[in-house]
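A short worksheet on the structure shown next.
The values are calculated or read from the model by the stated rules, or taken from the named source; none is laboratory data. These numbers were taken from a predicted model, which means no experiment stands behind them. Methodologically, a virtual Cβ is constructed for each residue, glycine included, from the backbone with ideal geometry; neighbour enumeration extends over all protein chains shown. Just the protein is used for accessible areas: all its heavy atoms, side chains included, with ligands, DNA and RNA removed. Shrake-Rupley method; radii C 1.70, N 1.55, O 1.52, S 1.80 Å.
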Amino acid sequence: MSTETTRGHAYDGIDEFDNRLPNWWLWSFYLACIFSVFYWIHYHTLGTGDLPGEAFVLEQQQAQQRAEEEAARNPVTDESLTKLAQDPAVVAEGEKIFKDPARCALCHKPDGSGNIGPNLTDDMWIYGGKPMDVYTTVLKGRPGGMLPYEAFGRTFVQRSVAYVLSIKGRNLPGKAPEPNAKKEQ
Ligand code: HEC
């Protein structure tokens, strides 16, 4: 396939030949051009396809919805919450929620030792430290400034509760117990 004529361009003593491109190469190039036209029309002109970013968001939403439906099917009990608190994957998700500077950590400190809100690692509880007590607190909120998180969805609430239960009893030095808190095991 090589030709004897060069393009008359030399660099560092290297001549440039003017060889014909192999057919398989040319065809893959032409097909890519044709494909790009359909791709462009499908994704950008008609918008009938989801671009990777949109597809990802959609998949995340569907996964979230499935998790919500799953959570709605299973009634929440002390046992179910205790089980979640023993599942490292759920606790890790809860930790992310808790330590988000705009969420629980804002009022309870990232380690849960208390700031505006009470220390969650001690054995003193205003509304009870049993799994269902903590669940009700986070779901519905409490009058002294604890926000309700029901609108964030069941999985959000259950994960953050699982995390609270996992740090419960660490007894970190922090905010002193509220006057209306009672000792609990
Ligand atoms: C805006 C501040 C604020 C945020 C954000 C907040 N809390 Fe609270 N939390 C409080 C306050 C204040 C109390 C005490 C309420 C009372 O005394 O009525 C409280 C109480 C609690 C209690 C009950 C403690 C007890 O002794 O009974 C739990 C459990 C709790 N919060 C968990 C959470 C979790 C989990 C999050 C995040 C999903 C969160 N809080 C976000 C302020 C906050």
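Selection of region 96-117 for residues being assigned to a loop (DSSP other than H, G, I, E, B) and open to solvent by less than 40 Å² (accessible area, probe 1.4 Å) yields 112, 113, 114, 117. Looking across region 133-160, the residues that are closer than 13 Å to residue 103 by Cβ, part of a helix (DSSP H, G or I) and either near the ligand (Cβ under 7 Å from one of its atoms) or outside the structural domain of residue 96 (by TED's automatic domain parsing) (or both) come down to 138, 160. Pairs meeting the criteria (first residue in region 29-55 and among the aliphatic types (A, V, I, L, M), second residue open to solvent by less than 60 Å² (accessible area, probe 1.4 Å), beta carbons under 9 Å, at least 6 apart or on different chains) are 55/49.
Out of 165, 172, one residue alone is more than 8 Å from the ligand (Cβ to nearest atom), more than 20 Å from the chain's Cα centre (by Cα) and crowded, with 19+ Cβ neighbours inside 10 Å. It is 165. Determine if region 79-97 includes at least one residue that is within 21 Å of residue 142 (Cβ to Cβ), touching a helix residue (DSSP H, G or I) at 6+ places or on another chain (Cβ under 6 Å) and within 11 Å of the ligand (Cβ to nearest atom). Yes: region 79-97 contains one or more residues that are within 21 Å of residue 142 (Cβ to Cβ), touching a helix residue (DSSP H, G or I) at 6+ places or on another chain (Cβ under 6 Å) and within 11 Å of the ligand (Cβ to nearest atom). For residues that are more than 8 Å from the ligand (Cβ to nearest atom) and assigned to a loop (DSSP other than H, G, I, E, B), tally how many sit in region 120-132. The qualifying residues number 4.
The set of residues in region 118-137 being free of Cβ contacts under 8 Å to residues at least 40 places away in the same chain and closer than 13 Å to residue 81 by Cα consists of 133, 136.
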